[in-house]
Amino acid sequence: MSSLREQIHAVGHDHVSAEHASTLELTSDDFLTPAGDCIIGIEADRVPADFDEDFVADCQDASATITVELDAGGYTDRLQARGDPELSFDSERSAVIRTSEYTDDDRTIAVDATAAAGDLDRDLVAALADGAALTATLRVE
């Protein structure tokens, strides 16, 4: 397994609260309602269906370690998760990272994460709530 990388650029929104205890999400949607407490970025320029097939194949290995680095407004946070053979990377709308081992039909890109939206650095969350640009870098090993 090689070390591969994907990057998603998105922006924050004034409804970013990052309060969800078990998931973190980036969406290509251009809006966010207050109910979306797991969503940390909107207008994502890439979705799971866009990811390189080698990256996807590596993420579909249960022993894969997926590192996610989030940068926004001068703040950085990092979490780790793992891959799973059930991950499809078919979503053309959103990417979800979960602290559980649950995989849905197409949005989940990593499971068993060390953090969810509610665990993120609150300065980073405040920057996103102010509309900061977000870069999410995913590496799989």
Note: probe point = Cα of Ser100 + 7 Å toward Cβ; backbone nitrogen < 12 Å; residues of segment 1-25 passing the test are 21-23
For the chain, the dipole about the Cα centre with charges only on Cβ (Lys and Arg +1, Asp and Glu -1), to the nearest 20 debye, works out at 340
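Given all pairs of different Cα atoms, what value in angstroms does the Kirkwood hydrodynamic radius of segment 42-141 take?
Taking every pair of different Cα atoms in segment 42-141, averaging 1/r and inverting gives 13.8 Å.
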The extension gain from Asp123 to Asp45, computed as 0.36 nm times the residue separation minus the Cα-Cα distance, is 25.7 nm
Note to self, the chain gives a 222 nm [θ] from helices alone (DSSP H runs n ≥ 4, -39500 (n - 2.57) apiece, / all residues, nearest 500) of -3000 deg cm²/dmol
Note: His15 to Arg78 extended length (0.36 nm per residue) minus current alpha-carbon separation gives 20.5 nm
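If exposed means no more than 16 neighbouring beta carbons inside 10 Å and the site is in a DSSP loop, what's the longest run of the chain without any exposed chymotrypsin sites (Phe, Trp or Tyr not before Pro)?
Between the exposed loop sites, the longest stretch runs 32-101.
Only the coordinates and a few stated rules stand behind these numbers; no lab work does. In this text the structure is predicted, and so the values were computed from the model without any measurement. Note that each Cβ is placed from the backbone with ideal geometry, even for glycine, and that neighbours are counted across all protein chains shown.
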